[in-house]
Amino acid sequence: MKQKIHHILLASIAVILAGCVEDTGHYDYVPAAEVTPGTISGINESYSVLALNTLEINPTIAGDEPSDYTWYAYPVPTFHGSPTYTLGNEKALNAMIALPTGQYRLVLEVKNQKHLTSTYAYSTLHVTREFSRGWFIAKQIGDETDIDFIRLETNTLYPNILQTINGKRPAGKPLDNAYTSTYYCYEVENPDGTTTLKTDQPAFFVATDSDLHVYHASEMNLLKEFDNAFFEAPARAPEALFLAPNGMFVLNDGKLHGIWNGFYNVGKFGYQVQATNVKLAPMTARVGSGFLFFDSRASSYLYLYTGGTSLDELYPYTHASSNMNVDLIYLREQEQMGGQLAAYALVKDRSTGKFRVQKLASWLVSSMMSPITNEYPVPDASELTTATVFGLHNCNDALYYSRGDNKVGYYSITSGQANPGIITFPADERVAYIRHVYNDNMDFECLAVLTNSDNGWKLYCYNFVGYTSDVQLPAFHSFSGEGIARSLLYRDVQITATN
């Protein structure tokens, strides 16, 4: 039996071997030149591009075989987990580059559709970002917030930079922006799992009515969102941002949270600054080494000193500025890098309904002194009493205003004289924001006005007539974009903190 099995195995092997010997090789042999896509030329050894600008490359590829194309880039040096960015899927590259600052290996892969073989071309890509000088316009798109950036060197508009760079936007309607050139700190995770504290970094803050995002101001890449921007996140109710060279603050549900710059922090807002039963209005004025706030419940001013070693208490005033029985309509300081001039508040008496403007001290040394240095009644018939948009002149005592229509006027605080309709926009535009951009270390000054219409937003920039509060018509610059604009921020290398 065993011998019979042995013979059967030998016979099977013989059949298999015979099949192999008789295989005459029925294959299609194709020349290598036909299998491999043609050579690639017309690509430089290196390219440099400013982020949010377009990179165009039109290579030449020998042959006419149908092919698929993929342009991609990966950072150099490359670490485990380093991302690969796909830039395009056409033969010619025409892509808006939103990569982080750095050096990349740029690759074009050409794949033969029939034989699935590939040819590659390589180049070096250098990417830089530049957000040091220009306008940042916070706008609403649906139920989200984004920012349009205007670079002043070229007057170029870069729309939706938050979505473009980060792939996401903060939820909610825009409320406030703020920028600091240094002092912000945050932790980054290294490839080996350890963390490194980045210190003295520039930061850009965006507050909406339901979210708070923190971005690296040089890159505009997202660093923190609401839940990890606090040591212990409160219920979401952002209202305003306040920045000074020695502190960063967010007002959330009438309560103040701060980051003190006196030592290296980790970029998280602390617990509520101590104050008993207060409801802070979402406006403030920088005075001396701190901030002047208004408590809507007590109708009183409070002072936060930021020049010490902590941010732990709001000091009430015991002078006549407490329990004033007024509502705060507007509060702002005159912005001067060489020294603060004054701050002004527009208030409305709760009993009589009459308006007055309060001039506030630029330096406060004691809670026993009143922050109010003078008060000016506003005539009942003045347009200022029905205004909804305000902006303060940084040198004169002029308060610019609009009633949310297509006109801007100004009110001379000391004389009580109104100058209505100094600017009239097209009938379908509505004024949304007014700002006098000026400080004595800058070579740039203008009155900036944002308007909205069904076609989107517009920004107008006006020169002044000499040293007056009047403006020269028409605007020397105007820009337009999509969305509903809510506020703007001007950023310059001379500015250390602004909002």
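The values are calculated or read from the model by the stated rules, or taken from the named source; none is laboratory data. These numbers were taken from a predicted model, which means no experiment stands behind them. Methodologically, a virtual Cβ is constructed for each residue, glycine included, from the backbone with ideal geometry; neighbour enumeration extends over all protein chains shown.
Here's the yes/no breakdown for (1) crowded, with 18+ Cβ neighbours inside 10 Å; (2) over 19 Å from the mean Cα position of the chain (by Cα); (3) at pLDDT below 90:
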position	(1), (2), (3)
232	no, yes, no
235	no, yes, no
241	yes, no, no
248	yes, no, yes
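Entry remark, region 203-230: residues being part of a strand (DSSP E or B), under 18 Å from the mean Cα position of the chain (by Cα) and aromatic (Phe, Trp, Tyr) number 3 in total. Return yes when residue 253 is under 30 Å from residue 361 (Cβ atoms) and free of Cβ contacts under 8 Å to residues at least 24 places away in the same chain and no when it is not. Judged against the criteria, residue 253 is a match. Residues that are free of Cβ contacts under 8 Å to residues at least 40 places away in the same chain, among the β-branched types (Val, Ile, Thr) and either assigned by TED's automatic domain parsing to the domain that holds residue 495 or touching a Gly at 6+ places or on another chain (Cβ under 8 Å) (or both) do not occur anywhere in region 184-191.
Report the residue count in region 178-193 for those that are closer than 19 Å to residue 218 by Cβ and either surrounded by fewer than 18 Cβ atoms within 10 Å (Cβ to Cβ) or in contact with a Phe, Trp or Tyr (Cβ under 6 Å, 6 or more places away or on another chain) (or both). The total comes to 6.
A single entry from 147, 165 fulfils the requirement of being touching an Asp or Glu at 6+ places or on another chain (Cβ under 9 Å), closer than 18 Å to residue 218 by Cα and either buried (at least 21 other Cβ atoms within 10 Å of the Cβ) or in contact (Cβ under 8 Å) with a residue 60 or more places away in the chain (or both): 165. Among the residues that make up region 12-27, is at least one of them outside the structural domain of residue 117 (by TED's automatic domain parsing), within 18 Å of residue 114 (Cβ to Cβ) and modelled with pLDDT under 90? Yes, some residue in region 12-27 is outside the structural domain of residue 117 (by TED's automatic domain parsing), within 18 Å of residue 114 (Cβ to Cβ) and modelled with pLDDT under 90.
Residues that are surrounded by 20 or more Cβ atoms within 10 Å (Cβ to Cβ) and in contact with an Asp or Glu (Cβ under 8 Å, 6 or more places away or on another chain) within region 395-409 comprise 401, 409, listed in sequence order. Answer yes or no: is there a residue in region 352-359 that is over 24 Å from residue 458 (Cα atoms) and touching a helix residue (DSSP H, G or I) at 6+ places or on another chain (Cβ under 8 Å). So far as region 352-359 goes, yes, one or more of its residues are over 24 Å from residue 458 (Cα atoms) and touching a helix residue (DSSP H, G or I) at 6+ places or on another chain (Cβ under 8 Å). Within region 416-451, the set of residues being assigned to a loop (DSSP other than H, G, I, E, B) and within 26 Å of the chain's Cα centre (by Cα) comprises 429, 438, 439, 440, 441, 442, 443, 444, 445. Within region 205-236, the set of residues being of a type in the set (Gly, Ala, Ser) and under 21 Å from residue 484 (Cβ atoms) comprises 207, 210.
Got at least one residue in region 478-493 being in a loop (DSSP other than H, G, I, E, B), at pLDDT 95 or above and closer than 21 Å to residue 131 by Cβ? Within region 478-493, one or more residues are in a loop (DSSP other than H, G, I, E, B), at pLDDT 95 or above and closer than 21 Å to residue 131 by Cβ. The C-beta contact set for region 414-429 (first residue acidic (Asp, Glu), second residue part of a strand (DSSP E or B), distance under 9 angstrom, 6+ apart or interchain) comprises 428/453; 429/451; 429/452; 429/453; 429/458.
You will find that of 112, 94, the residue that is touching a residue at least 40 places away in the same chain (Cβ under 8 Å), over 30 Å from residue 158 (Cα atoms) and either surrounded by 16 or more Cβ atoms within 10 Å (Cβ to Cβ) or not assigned by TED's automatic domain parsing to the domain that holds residue 150 (or both) is 112 and no other.
Number of residues in region 116-160 that are closer than 19 Å to residue 86 by Cα and either among the hydrophobic types (A, V, I, L, M, F, W, C) or within 13 Å of the chain's Cα centre (by Cα) (or both): the value is 3.
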